[in-house]
Amino acid sequence: MKNSAIPFSLFEAEVKAGYDRLVKEYLAKLDKARDGFKGKAHNSFVKHTNDSYQVLQQKLGTKNQRFLIEIRDQLEDDKDLNFELLFNKNFDHLNNTNKKSFLKDIAALEALDEMFKYLRESGLKFRKLENGSENAISTHPSKVGNSRAIKWKGKDLELVQLIYSLREGGFLTNQSDEITSLVAQVAKAFNHELSEHWQSNLSDSVNNRNNDYVPAILQKLPKAFNEYRDRMLENRKNK
């Protein structure tokens, strides 16, 4: 791997091969399912993919999982940087690591991430009903029927982090006091369709960051309120 272009090229090829294999397996599973049970087949594959993702996370460990996260963080900080160049540079600087095995593992993790996106789109066709049957219906957020319907404008992860913070702070609860159902309820109230791997994303945001990590949304909220307060005070002065 002396050629600086090789690591990223291999990574990209591994991601594509892994993703194509997962899509093929998924479509084959759906094809084998009887009519009326394809929603169950979909849900089963989602669970299998989540399980595979968590196993791979444990294998890689927190430090190695941060490889791609740190590259994306760098790209957010500097738009002039290039993912491929950063990948190759950081890869060359890896020490005490089986680079061939590491490359395969992070490519497999990336392929699973891509598969989650595919499953979310495919899952719009399926909704498992409480009685155990499935209908091929859209799971797009419901519309209240007027232009005043509440709509979440932030990222999926930001909404989940906010709900968890409100619940842990004692500001939110529901009848069962069950966090996953609470997340679903609040997301529905905001007409937001949660991704099927929101729990994995939340886990990543906690486990793969430094101990002093504070979600961006929790940093933005105090700043936003202070700006509102200052604007109101300024308006009062000008009256």
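Structure values in brief
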| quantity | calculated |
| --- | --- |
| Members of region 158-192 found to be at positive phi and not acidic (Asp, Glu), listed by number | Gly170, Asn191 |
| Positions within region 152-175 being loosely packed, with under 10 Cβ neighbours inside 10 Å and more than 18 Å from the chain's Cα centre (by Cα), in sequence order | Gly169, Gly170, Phe171, Gln175 |
| Elements of type helices (runs of 4 or more DSSP H) contained in region 1-100, each with 1 or more residues being closer than 24 Å to Ser203 by Cα and among the basic types (Lys, Arg) | 38-77 |
| Lone unmet requirement of (1) assigned to a helix (DSSP H, G or I); (2) surrounded by 14 or more Cβ atoms within 10 Å (Cβ to Cβ); (3) modelled with pLDDT under 80 for Arg127 | (1) |
| Filter result (more than 22 Å from Ser195 (Cα to Cα), modelled with pLDDT under 85 and of a type outside the set (Lys, Arg)) within region 143-172 | Gly145, Asn146, Ser147 |
| Test set (1) surrounded by 15 or more Cβ atoms within 10 Å (Cβ to Cβ); (2) farther than 18 Å from Ile163 by Cβ - Asn235 fails condition number | (1) |
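So that you can scan it fast, the table gives a plain yes or no per residue for (1) buried (at least 18 other Cβ atoms within 10 Å of the Cβ); (2) in contact with a helix residue (DSSP H, G or I) (Cβ under 7 Å, 6 or more places away or on another chain); (3) closer than 26 Å to Leu30 by Cβ:
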{"residue": "Ile69", "(1), (2), (3)": "no, no, no"}
{"residue": "Arg72", "(1), (2), (3)": "no, no, no"}
{"residue": "Glu76", "(1), (2), (3)": "no, no, no"}
{"residue": "Asp80", "(1), (2), (3)": "no, no, no"}
{"residue": "Ala108", "(1), (2), (3)": "yes, yes, yes"}
{"residue": "Leu112", "(1), (2), (3)": "yes, yes, yes"}
{"residue": "Lys117", "(1), (2), (3)": "no, no, yes"}
{"residue": "Gly123", "(1), (2), (3)": "yes, yes, yes"}
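The values are calculated or read from the model by the stated rules, or taken from the named source; none is laboratory data. In this text the structure is predicted, and so the values were computed from the model without any measurement. In this analysis, Cβ positions are derived from the backbone assuming ideal geometry, glycine residues included, and neighbour counts consider all displayed protein chains.
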